[in-house]
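Reading through the structure tokens given below for one structure.
The values are calculated or read from the model by the stated rules, or taken from the named source; none is laboratory data. The shown structure was predicted, so the numbers you read here are calculated from the model rather than taken from an experiment. Virtual Cβ from ideal backbone geometry, glycine too; neighbours counted across all protein chains shown.
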Amino acid sequence: MLSQRARALAPSPTMAIDARAKELLSQGVDVVNFSVGEPDFDTPETAKAGGIEAIRSGFTKYTPAAGTLELRRAVAKKLREENGLEYAPEEIVLTNGAKQALYNAYMVLLDPGDEVILQAPYWVSYPEMIRLAGGVPVVVETDESTGFKMTPEMIREKLTPRTKAINLNSPSNPTGAVYTEEELKAIAEIAVERNLVIISDEVYEKLVYDGVRFVSIAALDPEVKRRTVTVNGFSKAYAMTGWRLGYAAAERPIAKAMADLQSQTTSGPSSITQKAALAALQGDQRFLEEMRREFDRRRLYMLERLRSMPGLRVDVVPQGAFYLFPNVSGLFGATIRGRRIASSDDLAMVLLEEAKVAVVPGTGFGAPNYLRFSYATSMERIREGMDRMEALLREAV
Ligand SMILES: Cc1ncc(COP(=O)(O)O)c(C=O)c1O
């Protein structure tokens, strides 16, 4: 019955762990959850009030497929003031989460067989979305030696006549790596030289640490901007994952194609959410810095704890997002409570069963030697989870 497309969709390789964690939680087991991909903070009051007001005032009907003009204007202002990017409202498409912005971009840019260069470790959805759109993900393997970043040389090795685009994600999920301006310039040069599109997923831009400055690649120069689709959203910055709002900014023909695609598939995002997002953008922004500082505190604490555990290595300090990505290959071959650890999947399962700590194995991110820890949970829970884990790993033989 199912189409080839559906059959080719890879089920999440983390399903087994996820299903078991949910099962334990539903049985009332006290699981410390380090697998979450969303801020544990509440949506700011300003945004909530905007949403409530939208409902009260009857702003509950279809909006234009690309989203309301007022919110596209507000996003244009944000991009101008915070990112140094000059986009007209017609060059902005509001979407159901950054996910839809990315999917739209691949759908309107890729022909069958077009190759998209992306790095591993990657966010799980990129390869699947690229394939759904008929493209071919071409993976550049990165590790600690380059700080989990693609170098220009690594990209050049993967170029073929079919290369259409370079996919970037800085700050990165799952590694937390942040590209510097110089590094972005070197990548942009390749894109200009080879006439490639750049798809830049910037959803974690607000979460950078150690004095690192976030740079939007499209801001480097007009020639780079012309070929870039900048993707961002409200999920991570404003703790609005459930509201579903993202956006893409690109040259008019690309933005129009994305809006047209959206008009025939999902229509514009929720009218209520758009009002909430507008209020978030126009409201007090102190929330952002408070959240960032708290994440930073947790990052440093968890980093120190993980580094002191046997068999784990965190050689590269993540400077963005809210994840730590230790290399756990030092534990492969060890035995913990009678269970032999041959992979990060095995280790994740043992951590869950024996320590009641849920993490995501690196397999799904194209990085089987690692585990992803999210610190989007309270300091108290982090302490508890680290204690449990450390005690268990000390039993490894
Ligand atoms: C790198 C990255 N891009 C995009 C998204 C999607 O975010 P949204 O909720 O805006 O669809 C996520 C969410 O986990 C992410 O980690």
So the check is Cβ under 6 Å with 6+ separation or different chains; which pairs have a first residue in the range 130-146 that's assigned by TED's automatic domain parsing to the domain that holds D111 and surrounded by 18 or more Cβ atoms within 10 Å (Cβ to Cβ) and a second one that's assigned to a helix (DSSP H, G or I) and among the aliphatic types (A, V, I, L, M)? A133/M107; P137/I130; V140/M154
If I ask for residues that are touching a residue at least 60 places away in the same chain (Cβ under 8 Å) and touching a Gly at 6+ places or on another chain (Cβ under 8 Å), which ones from the range 103-129 would you list? Y106, V116, A120, P121, Y122, V124, P127
Filtering the range 162-175 down to residues that are under 11 Å from Q319 (Cα atoms) and touching a Leu at 6+ places or on another chain (Cβ under 7 Å) yields P171
Any chance A186 is of a type outside the set (K, R), within 11 Å of the ligand (Cβ to nearest atom) and either farther than 20 Å from A105 by Cα or touching a strand residue (DSSP E or B) at 6+ places or on another chain (Cβ under 6 Å) (or both): no
What's the number of the condition I217 fails, among (1) touching a Phe, Trp or Tyr at 6+ places or on another chain (Cβ under 9 Å); (2) under 28 Å from R298 (Cα atoms); (3) of a type in the set (A, V, I, L, M, F, W, C)? (2)
Those residues of the range 72-104 which are more than 12 Å from the ligand (Cβ to nearest atom), among the aliphatic types (A, V, I, L, M) and touching a strand residue (DSSP E or B) at 6+ places or on another chain (Cβ under 8 Å), in sequence order: V75, A76, L79, L85, I92, V93
Of the candidates D284, D315, the one satisfying the condition of being more than 19 Å from P368 (Cα to Cα) and outside any helix (DSSP H, G or I) is D284
Mind listing whichever residues of the range 7-57 are of a type in the set (S, T, Y), within 22 Å of the chain's Cα centre (by Cα) and at pLDDT below 95? S12, T14, S35
Take F234 and decide whether it is aromatic (F, W, Y), at pLDDT below 95 and over 30 Å from F332 (Cβ atoms). no
The range 328-343 residues that are within 19 Å of V359 (Cα to Cα) and without any contact (Cβ under 8 Å) to a residue 60 or more places away in the chain, paired with ones that are in a strand (DSSP E or B) and among the polar types (S, T, N, Q) (beta carbon under 9 Å, 6 or more apart): I341/T335
Take the range 224-235 and flag every residue that is surrounded by fewer than 24 Cβ atoms within 10 Å (Cβ to Cβ), more than 7 Å from the ligand (Cβ to nearest atom) and within 14 Å of the chain's Cα centre (by Cα). none
Subset of the range 284-320, residues modelled with pLDDT of 95 or more and aromatic (F, W, Y), comes to F295, Y301
The range 236-252 - residue that is more than 19 Å from T68 (Cβ to Cβ) and near the ligand (Cβ under 8 Å from one of its atoms) and, of those, surrounded by the fewest Cβ atoms within 10 Å (Cβ to Cβ): T241
Could you tell me whether L168 is in a strand (DSSP E or B), surrounded by 21 or more Cβ atoms within 10 Å (Cβ to Cβ) and out of contact with any Lys or Arg (no Cβ under 6 Å at 6 or more places or on another chain)? yes
Sole exception among (1) more than 28 Å from Y126 (Cα to Cα); (2) within 16 Å of the ligand (Cβ to nearest atom) for G362, by number: (1)
Test each condition in (1) on the phi < 0 side of the Ramachandran plot; (2) surrounded by fewer than 22 Cβ atoms within 10 Å (Cβ to Cβ) for F322 and report the one that comes out false. (2)
Evaluate the following for A16: is it touching a helix residue (DSSP H, G or I) at 6+ places or on another chain (Cβ under 9 Å), surrounded by fewer than 16 Cβ atoms within 10 Å (Cβ to Cβ), outside the structural domain of S216 (by TED's automatic domain parsing) and not in a helix (DSSP H, G or I)? no
Return yes or no: is A88 among the small types (G, A, S), modelled with pLDDT of 95 or more, touching a Lys or Arg at 6+ places or on another chain (Cβ under 8 Å) and within 16 Å of A250 (Cα to Cα)? yes
